[in-house]
1. Using the number of other C-beta atoms within 10 angstrom as an exposure proxy, rank 289, 275, 359, 411 with the fewest first.
2. Once the Cβ-Cβ distance between residue 340 and residue 152 is put in as r, and R0 is 60 Å, what FRET efficiency do you end up with, to the nearest 0.05?
3. In what sequence do 216, 463, 367 fall when counting other Cβ within 10 Å, fewest first?
4. Pairs of Cα atoms under 8 Å, at least six residues apart: use those to get the relative contact order of segment 399-465, whole percent.
5. Got a sec? How would 236, 202 order by Cβ neighbour count within 10 Å, fewest to most?
6. Please state the shape class of segment 179-336: rounded when a/c is under 1.5, otherwise prolate if a/b exceeds b/c and oblate if not, all from the C-alpha gyration tensor.
7. Please say if segment 274-420 is rounded, prolate or oblate, where rounded means a/c under 1.5 for a ≥ b ≥ c the square roots of the C-alpha gyration tensor eigenvalues, and otherwise the choice is prolate for a/b larger than b/c and oblate otherwise?
8. Expressed as a rounded percentage, what relative contact order does segment 265-309 have, with Cα pairs under 8 Å and six or more residues apart?
């Protein structure tokens, strides 16, 4: 039986169909509506009236069928101008004097809806990322259940082959986030099936191995699962289970390393929930879990031995990237008051990143972080947003541009982050939903494909390796 929490979560996002969208479990009206904000985890259940603040996470892939052409986006209504590079001999910025990172060059990346080509051209979005943004990485989510529809049928790689080839031909490094086991691999299927691992975890590892074999030399990083501290991604009979996730990670890591040790293995990034709660019909079946508590259990289970990089997600809500949760920052003009009236680490991009790194250091590991999704939403000029995304109205397009550039610069300066993928390039253009698409406020491109201010700002940003 689904809990009221999940029912509310689905209602908040209007249950957008297709291969699914971003959600997060930051519960922000506990302070404003009930007079209580639950801090630092703990087993706390949200009230029925609690509002939910999703963050950037998950990837939407189009509905596919046996007939009809693949979806395609239209060309942008305006010509996108490539930013003019700084002239030779210009004075270097302070950031350009940063020392090299011990694990290799810093990766500047963006998540794209690569499975939907622009005017039939799969390389179009890749060229935007490489030639206009000046990035060197791209992220695509790959869903296992898109490829193996039945246990005995032949795999269908047609959705992803052109994406991988386009990234390779464009000269971009590719990160795949591999998720969602087919239903035939699972014994627990309830009335509202969600993402879940297979009963036999070796099946996932075997599939990941197939991906590496098929795309040999064309995949440079793999994120093993996604937001496994949410029921949306780990809908099993026993609920969330960090130790079982670590076993999934171990098997996948071995499958990848035995085939191509150059691939960067990234742990599935957690959703910065800040709270823990169980199913209303079974309190022992956790359906969302505080990311700090989940990460600590992953550490205790030994996950740091099976990754090259620690996956992280964060949506900056309406806080700048250089503000920690407990600094007393207050934007008096903000209509969404969660970070200001109920300060908590889960609101803060800076606090979440630094705390994850500190937890790994305290465990005796010097592992870098990989931001597999981050960004700031702006709905400036819009007449509507998805339910639960009112904070997007607090952020102007200029602030979105400023904060996303600043976030990249900070991550490079901090020196413990390897890869960073902005959420997202083109979901507004390709989603076909409009202003109520929760992915759209994060997009660098407008619905017609024309650039938002952040697009030009990021394109002109110096890329310090």
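1. Listing 289, 275, 359, 411 from fewest to most nearby Cβ atoms yields 359, 411, 275, 289.
2. On the way: r = 56 Å, r/R0 = 0.93.
In this case the efficiency is close to 0.60.
3. Values: 216 10, 463 18, 367 21.
In order of increasing Cβ crowding within 10 Å: 216, 463, 367.
4. Once normalised by length, the contact order is 34 percent.
5. Values: 236 17, 202 13.
In order of increasing Cβ crowding within 10 Å: 202, 236.
6. oblate
7. Oblate, since a/c reaches 1.5 and b/c is not below a/b.
8. It rounds to 42 percent for segment 265-309.
Just so you know, all these numbers are worked out from the coordinates, no wet-lab data involved. A quick note: this is a predicted structure, and the numbers were derived from the prediction, not measured. With ideal geometry, Cβ positions are generated from the backbone for all residues, glycine too; neighbour counts draw on all protein chains shown.
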